[in-house]
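Worksheet: the structure to be examined is printed underneath.
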Amino acid sequence: DTSKLWGGRFSEPTDQFVQRFTASVEFDQRMAREDILGSLAHAEMLCTVGVLSASELTQIHDGMAQISQEITDGSFQWSVELEDVHMNIEARLTQLIGITGKKLHTGRSRNDQVATDIRLHLRSAIDLIGAELTRLQQGTITLAAANCNTIMPGFTHLQTAQPVVFGHHLLAWNEMLERDYGRLMDCRERLNQCPLGAAALAGTTYPIERAQTAATLGFDRPTENSLDSVSDRDFAIEFCAFAALLMTHMSRISEELVLWASAQFNFIELPDRFCTGSSIMPQKKNPDVPELVRGKVGRVNGNLIALLTLMKSQPLAYNKDNQEDKEPLFDTIDTVLGSLRAFADMIPAMRPKTEQMREAARRGFSTATDLADYLVGKGLPFRDAHEVVGKAVGHGVATGTDLADMPLATLQGFSSDITADVFEVLTLEGSVAARNHLGGTAPQQVAAAAERAMALVEAR
Ligand code: ARG
């Protein structure tokens, strides 16, 4: 079938099913913009080194401008017979400008072309994701700064542990997201090298200027080794690993939002516009957005495993296996962007129910550790203090009384070291204020932490 761009050595046409089975144009046309940018950079370089004339370069520019327009307005005729985005665009270029179109592929292969396209596409996606992640962090930190005095129960084992302030909890989320941002930027830096010039696998006989194409496309430098350049997709795997961790963090946040929005916790009100109702139960307001984000971790983790499995056992250099890298990568990009957008809009708009949070912190003997620390201050060894307070809590459980509500005489029955100043220690405010060191939940520490966190984000 000589109608193929590679048809010269073939004596029969491609099987119809095989044609569809091996084609990627349905999903890789998403990289059309990057494919054109890469082709233009390559053509300009060929002109610099004298392989193309200035007028040929102009023709290529004009043809590509028209193709871009056709793709944008939807009139471009994508064809499965032309297999992928690269050959669709090249064939159309030749249709438009004739013989010069056939010169574009000089000193190039689809192997370095596709490796370049994916990097460019992922780099743009990383920049969008970085911006949305930053927006989410800004919203989270702002809400934290406004809630340095909002007391809530802190949990271990999902059991009331010690009082914390809501801002402290929000800044814990921000720390996870801050590390995710760092991982994203590490990934961007490692992927930002230009494979163009590796050609099929060994390089090319033309006097190419790899530094020029790299610079034109905004890469930091050309890649070092031609075999590696066209074969590895570790940058896509690295991105998917970043995404799996980010989505894991967002899933943990989702879980807390879902719990907190329940009537049983009743800690927050999610805005109606982020929730949906039930078709049968009129009273329902369901936290669909966090539930869906929690659910989407499944596909993101799956995509990571798909790419790892795709890459393992591939001999150098390019193998068609790598065509399978695109759908998991694109799906991961879309899922992460959508989840971040929903969160960045929703988190700043949620309303903490401060009275309910405070009331929950008051229950469950959350200041028992403070009482033990108080007794240590009076000279008891910590283990003995722990035992004394445990007995007092046991009494509280049996009688339905909180520590702060017990008469002094009752408390003194557990330890004669207890005096009237104990009640300051048993208050929620006293409890959080006492944890006044770097990383602690004291309101002044949390306020300072929020400022530092915001300064980091603003410095990006
Ligand atoms: N569609 C192919 C891919 O996604 C482009 C590279 C094809 N190269 C080749 N030698 N068949 O990987």
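The values are calculated or read from the model by the stated rules, or taken from the named source; none is laboratory data. Small disclaimer: the values here were computed from a predicted structure and weren't measured. Every residue, glycine among them, receives a Cβ derived from its backbone with ideal geometry; neighbour counts consider all protein chains shown.
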**Prompt:** When you look at LEU257, is it touching an Asp or Glu at 6+ places or on another chain (Cβ under 6 Å), assigned to a helix (DSSP H, G or I) and surrounded by 18 or more Cβ atoms within 10 Å (Cβ to Cβ), yes or no?
**Reply:** no
**Request:** List the number of the failed condition for VAL457; all other conditions in (1) loosely packed, with under 13 Cβ neighbours inside 10 Å; (2) within 28 Å of the chain's Cα centre (by Cα) hold.
**Result:** (1)
**Prompt:** Considering only helices (runs of 4 or more DSSP H) fully contained in the stretch 376-460, which possess at least 2 residues that are basic (Lys, Arg), at pLDDT 95 or above and over 20 Å from GLY154 (Cα atoms)?
**Reply:** 382-399
**Prompt:** Looking at this structure, is ASP62 over 19 Å from ASN322 (Cα atoms) and part of a helix (DSSP H, G or I)?
**Reply:** yes
**Item:** Positions within the stretch 217-244 being under 30 Å from VAL297 (Cα atoms) and part of a loop (DSSP other than H, G, I, E, B), in sequence order
**Value:** ASP232, ARG233
**Message:** Given the condition farther than 21 Å from VAL258 by Cβ, touching a Cys at 6+ places or on another chain (Cβ under 7 Å), modelled with pLDDT of 95 or more and not assigned by TED's automatic domain parsing to the domain that holds VAL422, answer yes or no: does some residue in the stretch 331-338 qualify?
**Reply:** yes
**Message:** For the list (1) part of a helix (DSSP H, G or I); (2) of a type in the set (A, V, I, L, M); (3) not assigned by TED's automatic domain parsing to the domain that holds ARG435, I need the number of the one condition that ALA372 fails.
**Reply:** (3)
**Message:** Suppose we filter ALA442, ALA404, ALA433 for residues that are within 18 Å of GLU359 (Cβ to Cβ) and surrounded by 16 or more Cβ atoms within 10 Å (Cβ to Cβ); which single one remains?
**Reply:** ALA404
**Request:** Looking only at the stretch 93-104, decide whether some residue is surrounded by fewer than 17 Cβ atoms within 10 Å (Cβ to Cβ), within 16 Å of the ligand (Cβ to nearest atom) and not in a helix (DSSP H, G or I).
**Result:** no
**Message:** Quick check on the stretch 74-84. Is at least one of its residues more than 16 Å from the ligand (Cβ to nearest atom), surrounded by fewer than 22 Cβ atoms within 10 Å (Cβ to Cβ) and part of a helix (DSSP H, G or I)?
**Reply:** no
**Prompt:** Among ILE347, ILE305, ILE333, which is the only one that is of a type in the set (A, V, I, L, M, F, W, C) and either touching a strand residue (DSSP E or B) at 6+ places or on another chain (Cβ under 9 Å) or surrounded by fewer than 17 Cβ atoms within 10 Å (Cβ to Cβ) (or both)?
**Reply:** ILE305
**Request:** Check ASN266 against each of (1) surrounded by 17 or more Cβ atoms within 10 Å (Cβ to Cβ); (2) in contact (Cβ under 8 Å) with a residue 60 or more places away in the chain; (3) closer than 27 Å to CYS148 by Cα and name the one condition it does not meet.
**Result:** (1)
**Candidates ALA344, ALA349, filtered to the one that is farther than 30 Å from ASN225 by Cα and touching a Lys or Arg at 6+ places or on another chain (Cβ under 6 Å)** = ALA344
**Fill in**
Scanning the stretch 105-130 for residues that are farther than 21 Å from ASP220 by Cα and not β-branched (Val, Ile, Thr), the one farthest from the ligand (Cβ to nearest atom) turns out to be GLY107
**Item:** Candidate set from the stretch 330-359 (those that are away from the ligand (no atom under 16 Å from the Cβ) and of a type in the set (Asp, Glu)); member that is farthest from ALA115 (Cα to Cα)
**Value:** GLU359
**Request:** Identify the residue in the stretch 318-329 that is more than 7 Å from the ligand (Cβ to nearest atom) and surrounded by fewer than 19 Cβ atoms within 10 Å (Cβ to Cβ) and, among all such residues, is farthest from the chain's Cα centre (by Cα).
**Result:** ASN319
**Fill in**
Only unsatisfied item for TRP173, checking (1) part of a helix (DSSP H, G or I); (2) in contact with an Asp or Glu (Cβ under 9 Å, 6 or more places away or on another chain); (3) surrounded by fewer than 20 Cβ atoms within 10 Å (Cβ to Cβ), is (3)
